Each structure stands twice: as C-alpha cells, then as structure tokens.
There are 2 protein chains.
Amino acid sequence: MEDTTGAEQDADNVIRILVATDNHLGYGEKDAVRGEDSFTAFEEILELAVSEDVDMILLGGDLFHDAVPSQNSMHKCIELLRRYTFGDRPVSLEILSDQAQCFHNAVNQSVNYEDPNLNIAIPVFSIHGNHDDPSGFGRLSSLDLLSTSGLVNYFGRWTDLSQVEISPVLIRKGESQLALYGLSHIHDGRLARLIKDFKVKFNCPGTVAIGEAGDESKEEEDWFHLLVVHQNRAERGPKNYLPEDLLPPFLDLVIWGHEHDCRIEPEENAKQRFYVSQPGSSVPTSLSEGEAKKKHVGLLEIYKGKFKLKALPLQTVRPFVYESVVLPDRAEELGLDEGDASNKVFKFAKERVEAMLEMAATQHTGHPRQPTLPLIRLRLLYTDESCMFNAIRFGQMFSTRVANVQDVVQFSKLIKRTKTE
Amino acid sequence: MEDTTGAEQDADNVIRILVATDNHLGYGEKDAVRGEDSFTAFEEILELAVSEDVDMILLGGDLFHDAVPSQNSMHKCIELLRRYTFGDRPVSLEILSDQAQCFHNAVNQSVNYEDPNLNIAIPVFSIHGNHDDPSGFGRLSSLDLLSTSGLVNYFGRWTDLSQVEISPVLIRKGESQLALYGLSHIHDGRLARLIKDFKVKFNCPGTVAIGEAGDESKEEEDWFHLLVVHQNRAERGPKNYLPEDLLPPFLDLVIWGHEHDCRIEPEENAKQRFYVSQPGSSVPTSLSEGEAKKKHVGLLEIYKGKFKLKALPLQTVRPFVYESVVLPDRAEELGLDEGDASNKVFKFAKERVEAMLEMAATQHTGHPRQPTLPLIRLRLLYTDESCMFNAIRFGQMFSTRVANVQDVVQFSKLIKRTKTE
Ligand SMILES: [Mn+2]
Ligand SMILES: [Mn+2]
Ligand SMILES: [Mn+2]
Ligand SMILES: [Mn+2]
C-alpha cells in the first residue's frame, strides 16, 4: 500500500515534494490558439507548489520541448521560475551528499538555495529528458543554462556513457532521509545494453548493480530510496524500453517520466516490490488517447521509509476529447455497404464531434486561466477508402469551436494482422 | 577638456563606471585556437570591474556575436556574470527614475540590485547592439534573457519604431547625479529618417528633440548627461551613419558602441561641445586595421558635471599585427616588372610576416590567460595578377606560429579611381 504514513508524522519531519514531468515548455508556441498552453500549465504547477507549501519540486525531464528552446520559451520559463520559486521562505532540506558532485554546472557547486547570493523559496530539482538532453556545441542542455542561472538543480546527469553510476542526492528533513536517484534520459537501446552488461550501478549503502539478482529482502532502512527516470516504460520493441523489473529492489518509489499518459497512482511492481508513479505530461504533445486522460501532478509526502502520493488534478489544461472508431465494426449500423459510404461516415463523424464537444464542456474547471476552446480528435479506422472524406474541410465546420481545426478527424488505415504471424 | 574632476571629489560622491562594448561573446567559438578569446577578454573586463571597485558596468551593445547565442555562449556568459557581479558588496547607486519603465523585461520591474532575492555586487547596464537585437518569435533579445535572469539591467530599448523617446535612467550617488540615456541599435537608415522627421526625443529637464537647432548655451546643470549609442559613427554612405552633430548639445559625454576600433580617448565635438568616447570591441571580429589597434576599456568617473575617463589596456587580448602593402608602389624595389613576380612577392611576404611575428611578440603582456599565438594579417594590394601566389599554401608555412593559418595573406585588387569621376 502506498499510503503508509502514520499519525506520528508532523510537518518538521515530512518531506513534501511537488512531482511533475514532461512540461514541454514551448510546445506549439507559435500556434495562435494553443501557444500558451505549456506555459499556463507550468505556471499552475508552480502555483500549486507555493500553495501546498512544498519543500521542493521534482521534475522528471522534458521541461522544454526543444533541445535548444527558443528565446521566447527560455524567457518565459526563467520568468516563471523567478516569480514562483524565489523568495524568503526558508528551505528546510539539508543536503548530506557532496553537492559539487550532485549538481551539474551549478555556479558555486552547490544546491541553489545554499548559494548566498540567491534567495530561493522552493528549490527545483530536475533530470533531463530526451527533449532537453545535451546537444550541439559544448554538449549543453537547456538545463545547464537553468542550473548556471541558479534556477534549477540539475542532477542525474551521466557523464560517461560506457558505464553509468548513479549517486543519489542525500536529503534530510528532521527524522526523514531521502536518497534521490536520477537517471537522465539515455537512448533505450543503449541503456538496455548497459544493463545487460551490468554497467549501471546505484551507489547506495550496499551498492547494487542493476540487473543483478533481485532477491535481497527489503530491510527496514534509514533511507527512502526514490528514483526518477525518463525512458520508455511501455514495451516498444525488445530493446526499446526500460523493463521495470531490471530496476533494483531496494528502491521504494520510481517516478517515471517520458510517458505522457497520466498513471500517477502508484502501482506496485510485484517482483521488486517498489512502486511506480507515472505523472504524465502537463500538456498534450500529440492528440492520442493517452494524452486525453485527465492530467495531474503529484504531492509526494515522505516520512521515514513511508510515502503518500496525492494526485492533484491540473485545472488549466485545455479540454481534450479523443475517440477512436473502427468503421468496419459500424458498417451495418451505418449502412456503409449500401453505397454513399463517404457521406454516411461524414454525417456520423459530425454527430460524434458534436457529442465530443459536449463532453469537452464537462472538462471546464472554472479556473480563470484555463483555455476552454477544446481539442477534439476523432480517429476513424477504415479498410475501404470509399469511407473517407476531406478531413480538412470537415474541420472547417468547427473552426470557431475547436482548437485544432486542421486535424479534428484523422483517418487511419486498419492493418489486418493475420493470426499465423 | 575631459579631465575635469576637482580635488574636492571623494569616493562617496564619485560615480565610478567600467565602460566596455562589443564583447561579441561566442565569436568564433568553434575555432579550436580562438574559440575562447571572446570569453577570456570579457572575464578580464569583469575582473577589472571588481579590482577597480566600480559602482556599475556599462556595456554598449553586441554583448553576443549571434542574435540567438549558442547554449555554450549563453552558459559561459551567465557563469561569468554570476561569478563576478554577484556578492555582498553594497551598491551605492540610487535610481531616481521609474524603474518599471527603465528596465526591459526585468522580473519585479526593478534594477537587479534592488531585487530582494538577488545579491548583486556590481550591476551591469546594457543597451543592445545590432548583433543582439530583438529577433525571432516573440521579438526577444538575448539581453531579455539576461534581464529576466536578473543578470543585466537592459535599458535603452525602444518599443515603437515610428518615434523614439529616450528617457534616461536617473542615478544618484552622493552629490553626483547621472542621467543615463540609452539608444539601442536601430538600422542607420531608419534612424536617419526618424531624426530628419524630428521623431527622436530626449526626455530630460527641458526636452530637446534631436536634430533641432543646437545653439542652447550649456548651463551649469544638476545632471551629468551620458548617452550610449550603437550605430555607425563613420560615414558609410549618406544615410548610413549617425552624424555626431545631430545629437543634442545638452549631452556631456557619448559612449559610442558598434565601431570596433578603439578610440576611447574622449574627443570633443566642436559644434555640440560634448565629448565622444569609442571604446571599441574587446575581441577582433575581422582582421582589419582598426581591430589591430590596442584594445581598451574605460574607467569613467563622474563627479557632478565633470568626468574623467581613464583608458585601461586589456591584457588578455590575443596579439594581432596588421599590415597593408600596395604592391605597385614596391614594383621597382622588388623588381616586379623583371619577371617571376609571383616568387618575388612570395619571398617579400614571407619576410614581412616574419617581421610581423616579431612585432606580435612585443604585444605579450605576461597575463597568464593571454593567448600568445598571434593573429597576422598581411594585405597585399595588387593590380597585376602575376603578383599573386597561393595564399593557403603560404599560410601553411606558419601553421604552428599563427592563430589564423588559413588567411595570413589576403590579396585585394586595387581599384584605380579615375580623377574625372
Ligand atoms: Mn515528454
Ligand atoms: Mn521524453
Ligand atoms: Mn560589434
Ligand atoms: Mn554592432
């Protein structure tokens, strides 16, 4: 059970963390309708951190959508971080590990709130994702800029791709001790090879190589072991994901970035007996089923070896309704075999979109900054091209009612898989 | 006379400013030999600001070479500014003008050292040049990023190109009062039109439109009027520069950016009776005669209506020797009309470069961070192509002795101008 905090806890001993990931700042920034969405959601997350009075914010990568963010995106990000994370609130987290080692490209080689020249109220800790990984001349990440600026504590950055050693940031607040492990994004295939070759190492009391026999019994420990990763979680080909089971069993909780659908409710890994929480993105970067799920961030509370994760629904995310229809399954109902299939599907699609618009309206939260013009995506799976119509012209009918006029309907050819393969 | 400070001045009443311009951070950053030069010089400038214990640093534009600096350049700039301009030293400059108006894109709409969350020791003030002017999506300048980060006070940014109103930053220290006017770069042709149409306005006690009759007598004033511009100063076509005489006579001193040759010693404008100081760039961005001049920054001291400007020679600038030879003038001496001209010029050039290398050695300052491999540029002006040789192969002879192997010699065709034109 993830809710394992006891009544004995009190504010001085509980580490409170706002957990979010995949904010993709700058996604679609030039879109006249959706351009602000990524920033709006990120601002709400920062506001939640302030109102929940957390000790820190933990980000799981892909803070920016582009490896080299536009000056507009960087500017807005800096402005928001300065506005919400700076201030007089004292930070009560003590860093016990070597700060010069933990934080990449930090001026003064320290966590930002210990820099005597900065007044930090809520420190932000982040790994990098595949969208903000080091690139270009100097192999710098946008997170390096934020680190050097003192805005973000950039951790979990590997420096040697022939072997990865993960040393945790050791954090103490009162009676609770957190070992925070970060594994910034590595190409999944490469990571799979490294794991296979026992070249991923976790430096914790009693070092454990990932992939080694995982039958150590989980002892009562002094540390709460929290890992943040940014990899494929779902199997996308044999070496194209990080299998949960390969992560070491001494972990208590894994925050999984990169996957955009919200599965924030911690799920227990039966074999390794840790929990995995996948917050999901704060802005949809594709009009897919997963991105249409209600978006959340997490309020993680750690007391000694126990944790509680409360899902906080985001109120400023643009309504988004997704529906997928297999047209052959509806052939009879719609009379598609009786001719004029294109018109019949057109009419059906129009009805569906009207219904979806009604569903979208139920996603209005009343938050003053929520954009209400919805994203609507109706996916039509077809086998026979006679079902198709002009999707662009279709979208134009809803030009004042949806945020994505150009791609309301998407036709996808249904590939029949033969059973023998 | 520019040195007009009296004996009555004392530290509490003198405004001390480190003046520099055209640092072109990131110039040639991918060049294996010269890549660090721009950063090295900028670091020396910041060190000078610290050792001279100035009240502020004033930059005249082109802080960056590229409108969108690489992450490497931005990272290094931020790192240097944080290292040298942050700290506990109290800033004794009082801003009297409306800070929300003065500083572009400042979080909290204030000068950085009044931001309670930042500990600034030496504030940096900058206009933008043509290399770091607002561009791209959002029309942001790299200076906007530095402003939002709290690293630079970005002033003199016009927002309306149909008319330019220049409101000074009003600064007081003890008995001295400085009105600091900034005119960030505007295309010279456009600026010429605006001036011609009386659409450039200086907001000072007794507003004066630039270009209006300039015969006001210079009264004893409460304010020292300092303008920073970033325009062509030399005439490059009729509307392709800003004529000094068009600047209003109430000014006391103009700091002129954009021109890269150092003419830092203040020159009096006879008509308007202000002084002009042109610090020049801190890194050569072209191998021209002007860039080969010894490079300086200025230590400007203002006491009431008087100023003193001390030129501080930069010690970390790479040695650079430039020479231009008109070959026809040497035809007889070299025997160029007696055949084998190419070989004769080759031999001559080789001797010249050897002599230039000796001159370059005299530019060694002993500063531990000065790169000593010199820049050498021999320009050969020719009329007859028989004088030419393979300049690339020529440079290879000096491959271990010069920083610019690929272009030591440059041939330029001498255009004969007929007198009747
Ligand atoms: Mn992502
Ligand atoms: Mn990702
Ligand atoms: Mn310049
Ligand atoms: Mn310029």
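Here is what passes the span test in chain A: the DSSP H helices with alpha carbon length of 15 Å or more along the helix axis and a Kyte-Doolittle mean of 0.5 or above are A:37-51. For the stretch B:317-395, just say rounded, prolate or oblate: build the C-alpha gyration tensor, square-root its eigenvalues into a ≥ b ≥ c, call rounded for a/c under 1.5, and beyond that prolate if a/b exceeds b/c, oblate if not. Prolate, since a/c reaches 1.5 and a/b exceeds b/c.
Counting only DSSP beta bridges with both residues in chain B, the antiparallel share comes to about 40 percent.
Protection proxy ranking, highest mean first, for peptides A:270-276, B:80-86: B:80-86, A:270-276, where packing is the per-residue count of other beta-carbon atoms within 10 Å, averaged. Averaged over the residues of B:81-94, the number of partner chain Cβ atoms lying within 10 Å of the residue Cβ comes to 2. Looking at the stretch B:123-190, the trypsin sites (Lys or Arg not before Pro) that sit in a DSSP loop and have at most 14 other Cβ atoms within 10 Å of their own Cβ are B:R139.
Bridges between two residues of the stretch A:1-148, per DSSP, are antiparallel at a rate of about 20%. Please work out, to two decimal places, the log10 of the ratio I(q)/I(0) at q = 0.06, 0.07, 0.14 Å⁻¹ from a Debye calculation in which every Cα of chain A carries one identical scatterer. With no solvent term, the Cα-only Debye profile gives -0.28, -0.38, -1.25. Shielding by partners for peptide B:139-152, expressed as the average number of C-beta atoms from other protein chains within 10 Å of each residue's C-beta, is 5.
Select from A:P123, B:T400, A:Y303 the residue farthest towards the positive end of the dipole of the protein assembly as shown; place +1 on Cβ of Lys and Arg, -1 on Cβ of Asp and Glu, and compute about the Cα centre. Checking the options against the dipole of the protein assembly as shown, the answer is B:T400.
Mean partner shielding of peptide A:116-125, defined as the number of other chain Cβ atoms within 10 Å of each residue Cβ, is 3. With the helix formula -39500 (n - 2.57) applied to DSSP H stretches of n ≥ 4, chain A reaches a computed 222 nm mean residue ellipticity of -5500 deg cm²/dmol.
With Cα atoms defining each centre, the stretch A:70-94 and the stretch B:77-91 are spaced 18 Å apart in the structure. A Förster radius of 35 Å, combined with the Cβ-Cβ distance separating B:N269 from B:Q109, puts the computed FRET efficiency at roughly 0.50. Seen from all directions on average, the stretch B:232-388 presents a Cα convex hull projection of 12.6 nm². Distance from the Cα centroid of the stretch B:106-157 to that of the stretch B:304-370 is 39 Å (rounded to whole angstrom).
Less than 5 angstrom separates the built amide H of A:T383 from those of A:L414, all sequence-distant by 5 or more or on a different chain.
The label-point distance for B:T159 and B:D53, in a model that sets each label 7 Å from Cα toward Cβ, rounds to 3.9 nm.
Would you please classify the overall shape of the stretch A:143-199 from the alpha carbon gyration tensor, given that a ≥ b ≥ c denote the square roots of the eigenvalues, rounded means a/c under 1.5, and beyond that prolate means a/b larger than b/c while oblate covers the rest? Oblate.
Measuring r between the beta carbons of B:D12 and A:K196 and using R0 = 56 Å, the FRET efficiency lands at 0.20. Under 5 Å from the amide H of A:G257 lie the amide H atoms of A:V229, A:H230, A:Q231, each residue being 5 or more positions distant or on a separate chain, with H modelled from the backbone and absent for Pro and chain starts. Given axes a ≥ b ≥ c from the Cα gyration tensor, I'd like to know whether the stretch B:84-133 is rounded (a/c under 1.5), prolate (a/b larger than b/c) or oblate. It comes out oblate by the Cα gyration axes.
Bear in mind these aren't lab numbers, they're just calculated from the coordinates by the rules spelled out. Just so it is clear, the model here is predicted, and its values are computed rather than measured. All Cβ positions, even for glycine, are placed from backbone atoms using ideal geometry, and neighbour counts span all protein chains on display.
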